[in-house]
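Engineer: The following block contains the structure, expressed as structure tokens.
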Amino acid sequence: MEGVGILLMKPILKVIILFTVFISVGNSDCNDGEVELWGECYSINITNLTIINSGLTGEIPLEIGLMTDLVVIKLKYNELTGPIPPEIGNLTKLVKLELEYNNLSGPLPAELWTLDSLTELGLQKNQFTGSIPAEIGNLTRLTHLYLYGNQFTGSIPAEIGNLINLEKLHLNNNQFTGLIPETIC
């Protein structure tokens, strides 16, 4: 779906919007995770949300936390703004989170560090601020961590050394202070 234009993307957005509306209304006889359409119950299990370089604007909606079957989120090379919503912590199956090259800002939510299924985290080239907490060491399945080109401050946490599967680490072009921890040298 990479490179799909905005016109082709609209049906997918409609499905996401419909899913969000039906889940939030909750006035049906369907089971959890099912949506009632025209008197029938349907299961909508979106596992991959990929919208790349499509001019997507605005903030990531809080309702993304309702899409609990998501395994992959790729919303890179768009014009998204605002923070990552804390509801991201509901996505416990998430393996890849790629939000790079947007205009996202603010500190990263604490809930991000609970997603211990993540193998790839791409947040580079945004405007994120704050420090990277020790809890980053909880993401022991990470193989790729890209945080460069933001406005992170403070020291680089030694707990990055807990990321035993890490193959690629890019932290450059931030405002970190102090020495590089021996645990990652």
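Engineer: For I132, only one of the following conditions fails: (1) under 17 Å from I84 (Cβ atoms); (2) in a loop (DSSP other than H, G, I, E, B); (3) out of contact with any Ser or Thr (no Cβ under 9 Å at 6 or more places or on another chain). What is its number?
Structural biologist: With (1) under 17 Å from I84 (Cβ atoms); (2) in a loop (DSSP other than H, G, I, E, B); (3) out of contact with any Ser or Thr (no Cβ under 9 Å at 6 or more places or on another chain) applied to I132, the lone miss is (3).
Engineer: Taking E120 as the residue in question, decide whether it is in contact with a Phe, Trp or Tyr (Cβ under 7 Å, 6 or more places away or on another chain), within 23 Å of T47 (Cβ to Cβ), of a type in the set (D, E) and modelled with pLDDT of 95 or more.
Structural biologist: It is false that E120 is in contact with a Phe, Trp or Tyr (Cβ under 7 Å, 6 or more places away or on another chain), within 23 Å of T47 (Cβ to Cβ), of a type in the set (D, E) and modelled with pLDDT of 95 or more.
Engineer: While we're looking at this one, here's another question. Quick one: which residue in D69, D116 is farther than 20 Å from Q151 by Cα, in a loop (DSSP other than H, G, I, E, B), touching a helix residue (DSSP H, G or I) at 6+ places or on another chain (Cβ under 7 Å) and not hydrophobic (A, V, I, L, M, F, W, C)?
Structural biologist: One residue alone meets the criteria, D116.
Engineer: Quick one: is E98 of a type in the set (D, E), in contact with a Gly (Cβ under 6 Å, 6 or more places away or on another chain) and more than 19 Å from G130 (Cα to Cα)? Even if it seems obvious, please write down each step before you answer.
Structural biologist: Working: of a type in the set (D, E): yes; in contact with a Gly (Cβ under 6 Å, 6 or more places away or on another chain): yes; more than 19 Å from G130 (Cα to Cα): yes.
It is true that E98 is of a type in the set (D, E), in contact with a Gly (Cβ under 6 Å, 6 or more places away or on another chain) and more than 19 Å from G130 (Cα to Cα).
Engineer: Further, regarding this structure: What is the residue count in the range 81-101 for residues that are crowded, with 19+ Cβ neighbours inside 10 Å and over 12 Å from the mean Cα position of the chain (by Cα)?
Structural biologist: Within the range 81-101, residues that are crowded, with 19+ Cβ neighbours inside 10 Å and over 12 Å from the mean Cα position of the chain (by Cα) number 1.
Engineer: Could we say that L70 is modelled with pLDDT of 95 or more and surrounded by 16 or more Cβ atoms within 10 Å (Cβ to Cβ) here?
Structural biologist: no
Engineer: Among the residues of the range 147-185, how many are under 19 Å from V95 (Cα atoms), outside any loop (DSSP other than H, G, I, E, B) and of a type outside the set (A, V, I, L, M)?
Structural biologist: So the count comes out to 3.
The values are calculated or read from the model by the stated rules, or taken from the named source; none is laboratory data. Since we're looking at a predicted model, the values are computed, not measured. Please note: Cβ atoms are built from the backbone with ideal geometry, for glycine as well, and neighbour counts cover all protein chains shown.
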